[in-house]
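Here's the structure we're looking at; comments come further down.
The values are calculated or read from the model by the stated rules, or taken from the named source; none is laboratory data. Small disclaimer: the values here were computed from a predicted structure and weren't measured. Positions of Cβ are backbone-derived with ideal geometry, glycine not excepted, and every protein chain shown enters the neighbour counts.
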Amino acid sequence: MREPPSIDVRLPAGLDCCPDDREVLRATFQTIISLTARGDDAQADLLRELRAAGWEVHWNVTWQASARRGKEWEEVTGRTREEALARLREAVGLHESDGCP
């Protein structure tokens, strides 16, 4: 099976781009492609099946944030990066309230 086509994008010289920034750029481009692509036949079939069964199907793009400390783990989503991080701060804070370590 052939690899799907891909593109390389050169970043401007002098751009201070950390790994997190590069991941945001990659995710942004992937989101644009996903939103403009029609999807494959399997996705179209699944949507038809769900709708035929009476489901209203909606989706959107969200941010996901997770934190791990030892065996403790939290994962949240948000419409924006700020919302996801605020929800993560709240979830992590529950581990540290009421005398919990």
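Output the residue which, of all residues in segment 12-29 that are surrounded by 11 or more Cβ atoms within 10 Å (Cβ to Cβ) and not charged (D, E, K, R), is farthest from ASN60 (Cα to Cα).
CYS17
Return a yes/no flag: does segment 85-101 have any residue that is in contact with a helix residue (DSSP H, G or I) (Cβ under 8 Å, 6 or more places away or on another chain) and either aliphatic (A, V, I, L, M) or surrounded by 11 or more Cβ atoms within 10 Å (Cβ to Cβ) (or both).
For segment 85-101, residues in contact with a helix residue (DSSP H, G or I) (Cβ under 8 Å, 6 or more places away or on another chain) and either aliphatic (A, V, I, L, M) or surrounded by 11 or more Cβ atoms within 10 Å (Cβ to Cβ) (or both): absent.
Mind checking whether some residue in segment 73-92 is of a type outside the set (Ser, Thr, Tyr), at positive phi and either in contact with a Phe, Trp or Tyr (Cβ under 9 Å, 6 or more places away or on another chain) or not in a helix (DSSP H, G or I) (or both)?
No, segment 73-92 has no match at all.
How about segment 35-60: which of its residues are of a type outside the set (A, V, I, L, M, F, W, C), at pLDDT 80 or above and outside any helix (DSSP H, G or I)?
Listed by number, the residues that qualify are GLY54, GLU56, HIS58.
Out of curiosity, is ARG26 of a type outside the set (Gly, Ala, Ser) and modelled with pLDDT under 85?
Against the criterion (of a type outside the set (Gly, Ala, Ser) and modelled with pLDDT under 85), ARG26 does not qualify.
Checking the structure you have, find out if any residue of segment 9-19 is free of Cβ contacts under 8 Å to residues at least 24 places away in the same chain, closer than 22 Å to ARG79 by Cβ and either assigned to a loop (DSSP other than H, G, I, E, B) or not basic (Lys, Arg) (or both).
No, segment 9-19 contains no residue that is free of Cβ contacts under 8 Å to residues at least 24 places away in the same chain, closer than 22 Å to ARG79 by Cβ and either assigned to a loop (DSSP other than H, G, I, E, B) or not basic (Lys, Arg) (or both).
Which of the residues belonging to segment 48-84 are among the hydrophobic types (A, V, I, L, M, F, W, C) and surrounded by fewer than 13 Cβ atoms within 10 Å (Cβ to Cβ)?
Residues satisfying the conditions are LEU50, ALA52, ALA53, TRP55, VAL57, TRP59, VAL61, TRP73.
Quick one: in segment 1-20, of everything that is of a type outside the set (A, V, I, L, M, F, W, C) and more than 24 Å from SER34 (Cα to Cα), which residue is nearest to the chain's Cα centre (by Cα)?
ASP16
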